[in-house]
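**Q** Pasting in a structure now, in structure tokens, and then I'll have a few things to ask.
The values are calculated or read from the model by the stated rules, or taken from the named source; none is laboratory data. It should be emphasised that the depicted structure is a prediction, and the values quoted were computed from it without experimental measurement. Cβ coordinates were reconstructed from backbone atoms using ideal geometry, including for glycine residues, and neighbour counts include every protein chain displayed. Just the protein is used for accessible areas: all its heavy atoms, side chains included, with ligands, DNA and RNA removed. Shrake-Rupley method; radii C 1.70, N 1.55, O 1.52, S 1.80 Å.
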2 protein chains.
Amino acid sequence: MVRRSTREIKVGGVAIGGGAPVSVQTMCNRDPHDEAALVSQVSSCAELGADIVRLTVPDVEAAAVLGRVRRATGVPLVADIHFDWRCALASIEAGADALRLNPGNIGGPERVREVARAAKAKGVPIRVGVNGGSLERDIVAKYGGGGDAKFAAPPEALVESALRHVALLENEGFRDIAISVKASDVPRTLAAYRLLAGKCDCPLHLGVTEAGTFVPGTVRSSVALGILLSEGIGDTIRVSLTDEPEKEVQVGVEILRSLGMRDPGPHVTSCPTCGRTKADVFRVAAEVQAALERIYRRAGKGRPFPRVAVMGCVVNGPGEAKAADIALCGGDGVFLVYDHGRHVETVPESRAVDAVLARVRGCCGE
Amino acid sequence: MVRRSTREIKVGGVAIGGGAPVSVQTMCNRDPHDEAALVSQVSSCAELGADIVRLTVPDVEAAAVLGRVRRATGVPLVADIHFDWRCALASIEAGADALRLNPGNIGGPERVREVARAAKAKGVPIRVGVNGGSLERDIVAKYGGGGDAKFAAPPEALVESALRHVALLENEGFRDIAISVKASDVPRTLAAYRLLAGKCDCPLHLGVTEAGTFVPGTVRSSVALGILLSEGIGDTIRVSLTDEPEKEVQVGVEILRSLGMRDPGPHVTSCPTCGRTKADVFRVAAEVQAALERIYRRAGKGRPFPRVAVMGCVVNGPGEAKAADIALCGGDGVFLVYDHGRHVETVPESRAVDAVLARVRGCCGE
């Protein structure tokens, strides 16, 4: 797969575009004035794999809080700005690593110029973030949404809006720009990003906006981002879920891992079970997965991590064991343990998790 | 998107291939001799959207149970056969709508002939289902997995195995064949199906095998199946999760809905919330989603169902309200209610769910 060629921007130490690895973002949902809550949430998101975290900055005080959270956590932070250019300036001043701001919404060319200058002086990039739900009135009208008509923004409207905002910045000589064009369903999201990808060389921030609660939101985001990334489109991603940001990070990381675009981490191959299964594969697989995530975060990051399989029976079990470093294959109340494809011991079900973990710790040199 | 052109097979009343809508499958994990448990599980899966359900048939008694479950539920059932051709014959006799069987594994050409004849006589199609974990020894050896070497089957090996099984059936004049070539990770799964798609006109059953526990399994399946379906590949799908089959069905249905390949059902657009949010969007969105699924299953199937949005604030709220039939937009402890884009009332948070549901029931004529 050939990735689309883009200019590179830097959010703190994280490169976006220019061939850099695709990064994972999320957004805090805590009170923007509650420093302790934000530090805690930013840290837990980073621990789970978030490379960049966004905080809303609805007022100038929140910008100062953002600066303190940045210094406390060391995590690159994006200030989310709507309408008020003073919040943008205050965020740059306070140490934000990037802004998310649509320059057409901040009150005219003078303010755009002022923000662009301040951002450029500090090397702070700007993401232009267009959503189907917040397009300019004239664009809505042009694409048939005037008056009382029901209106789901077509991809062309999202792209036109984004490029208009981008032009306002580029006219000021500001070029450190990423773009997002998020619709709330998969087909419009795909079409908008594909269209945009051919019209500029800015790195693209992918997402399905307002994707929904955990299960539908995870599926919609995985389908849309999976398709776009597999086409070489996309430089950073944010999964939007009506759920905690930690969940968004987990899903975002899994999307990249699934495509081989990130360190695979603790990949557990585990079977769905069927009427043949006589061991508690659900419990054992869940416990192994959770324990491996903990070991990985403590010790494994960036190093090759053993691949583990938890299988229910002999139909695919020994074959998947051969593809894994450590594997369990369920029998009647017992599990056969495989180490690099070889059957090395048989343990009662109650000891299966420990048997895997001991061998994984060995592989990791713990 | 142009779908790959395939021959059509029929599993009970459900067409697969030949341009038919992509169907959703799952597999029971109850004791294959426990008729009551199977009837209950098959029924709940069908209720959630499964078009076809598979049951393992490890012995001849289980075939008789399958027949009774089929008659009790009316749901098309596939008998999963490994190694024992007598189970295949007994399943056909008992009323299975299809077999999942790899003819190279059932003990020689006489048995293949007998099964193919019996299946043909009753109009029962066969899925050849190849997994990375259960390839023939000679194919494993050919592709470098002989002896103790660690071995993850390459896509070419999966396809070679599948076509060998298919040839055994076609040599008997049997052509009602679907094929799956499932690997346990996304890149190999994509490559195997893309390769196979160019080599035959059989309908394809898509899946990532042993995809893992709920979150990674959902992401891997959504990414892989989303990409293949968007390329026009795939005629029926099964999401494999180390979790209950009802969850597999939910994810499978959402994958198809997300791509516009199935009745969209109760699509809830809901925002992830941020530091600006002052209403409990998580709870309200989850309750609305769950209630809409119930209303949909009771009343809405096959009819246009209202699109609902649950938004946290005024940034994207009114815009998404315009794209929805009924919408909530959160304020400070209250929600504004929109009906077809117009603000019609403002309710306290405690009444928000009821306010949406009353209007949805109105739309559905309940």
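**Q** For helix A:186-197, report the angle its Cα long axis makes with the longest principal axis of the Cα atoms of chain A; keep it between 0 and 90° and round to the nearest 10°.
**A** Rounded to the nearest ten degrees, it is 60.
**Q** Please state, rounded to one decimal and in Å, the Kirkwood hydrodynamic radius that the stretch B:166-298 gives when every pair of distinct Cα atoms enters the mean of 1/r.
**A** Values: mean 1/r = 0.0593 Å⁻¹.
Result for the stretch B:166-298 stands at 16.9 Å.
**Q** So for the stretch A:16-112, averaging the separation of alpha carbon pairs under 8 Å that are six or more residues apart and normalising by length, what relative contact order in percent results?
**A** On the way: 170 pairs, mean separation 22.1, N = 97.
That works out to 23 percent.
**Q** Which residues of the stretch B:199-247 show a drop of at least 50 Å² in accessible area when all protein chains are present, compared with their chain alone (probe radius 1.4 Å, heavy atoms only, ligands and nucleic acids excluded)?
**A** B:E210, B:T213, B:V215, B:V219, B:R220, B:V223, B:I227, B:T242
**Q** For chain A, report the accessible area per residue in Å² (1.4 Å probe, heavy atoms, rounded to an integer).
**A** Numbers: 12610 Å² over 366 residues.
Here the per-residue accessible area is 34 Å².
**Q** Follow-up question, since we're still on this one. Going by a 1.4 Å probe on protein heavy atoms, which residues of the stretch B:249-290 end up with at least 50 Å² less accessible surface in the whole assembly than in their chain alone?
**A** B:E254, B:S258, B:H267, B:S270, B:P272, B:C274, B:G275, B:R276, B:F282
**Q** List, shortest first and in nm to one decimal, how far the label point of A:A36 (7 Å from Cα along Cα→Cβ) is from its counterparts in the other copies.
**A** Spacings between copies for this position, smallest first, are 5.4 nm.
**Q** Let me have the relative contact order for chain B, percent, based on Cα pairs under 8 Å that are six or more residues apart.
**A** Working: 768 pairs, mean separation 47.8, N = 366.
Relative contact order of chain B: 13 percent.
**Q** Checking buried surface per residue: for the stretch B:116-151, which residues lose a minimum of 20 Å² accessible area in the protein assembly relative to the chain alone (1.4 Å probe)?
**A** B:G133, B:S134, B:D148, B:K150, B:F151
**Q** If you don't mind, another one. Is it possible to state the helix-based mean residue ellipticity at 222 nm for chain A, with each DSSP H run of 4+ residues giving -39500 (n - 2.57), the sum divided by total residues, to the nearest 500 deg cm²/dmol? What is it?
**A** Numbers: 12 runs with 152 residues, N = 366.
My calculation for chain A gives -13000 deg cm²/dmol from helical runs alone.
**Q** Calculate the length of the line joining the C-alpha centroid of the stretch A:131-149 to that of the stretch A:227-276, in whole Å.
**A** 33 Å
**Q** Relative to the first principal axis of the alpha-carbon coordinates of chain B, what is the inclination of helix B:109-122, with its axis defined by its Cα atoms, in degrees from 0 to 90 and to the nearest 10?
**A** Long axis of B:109-122 versus the principal axis of chain B: about 50 degrees.
**Q** Also, quick follow-up: Total accessible area buried between chains B and A, 1.4 Å probe, in Å² to the nearest 100? Display every interim value, and only then the final one.
**A** On the way: alone 15870 and 15830 Å², together 25260 Å².
The contact between A and B buries close to 6400 Å².
**Q** Would you mind checking the radius of gyration and Dmax of chain B based on alpha-carbon positions, in Å?
**A** For chain B, the Cα-based Rg and Dmax read 23.3, 74 Å.
**Q** Sort shortest first the distances from A:R361 to its counterpart in every other copy, using label points 7 Å along the Cα-to-beta-carbon line, and give them in nm.
**A** 5.7
**Q** Report the Stokes-Einstein translational diffusion coefficient (µm² s⁻¹, integer) for the protein assembly as shown, Rh taken as the Kirkwood radius over Cα pairs, at 10 °C with viscosity 1.306 mPa s. Working shown, then result.
**A** Details: Rh = 26.8 Å.
For these conditions, the coefficient is 59 µm²/s.
**Q** Ok, one more. Which angle from 0 to 90°, rounded to the nearest 10, does the C-alpha axis of helix B:352-363 make with the longest principal axis of chain B?
**A** 70 degrees
**Q** I've got another one for you. Residue of A with Cβ nearest the axis relating A to B, plus distance in whole Å?
**A** So the chain A residue sitting closest to the axis is A:S222, 2.
**Q** Can you send over the carbon and sulfur percentage of the accessible area for the protein assembly as shown, probe radius 1.4 Å, protein chains only?
**A** On the way: 12860 of 25260 Å².
Here carbon and sulfur together make up 51 percent of the probe-accessible area.
**Q** With θ set to phi - 60°, apply the Karplus curve 6.51 cos²θ - 1.76 cosθ + 1.60 along the stretch B:45-60 and write out the HN-Hα couplings as whole Hz, x wherever there is a Gly or Pro.
**A** Whole-Hz 3J(HN,Hα) from phi for the stretch B:45-60: 5, 5, 4, 7, x, 5, 8, 8, 10, 9, 10, 6, 10, x, 7, 5.
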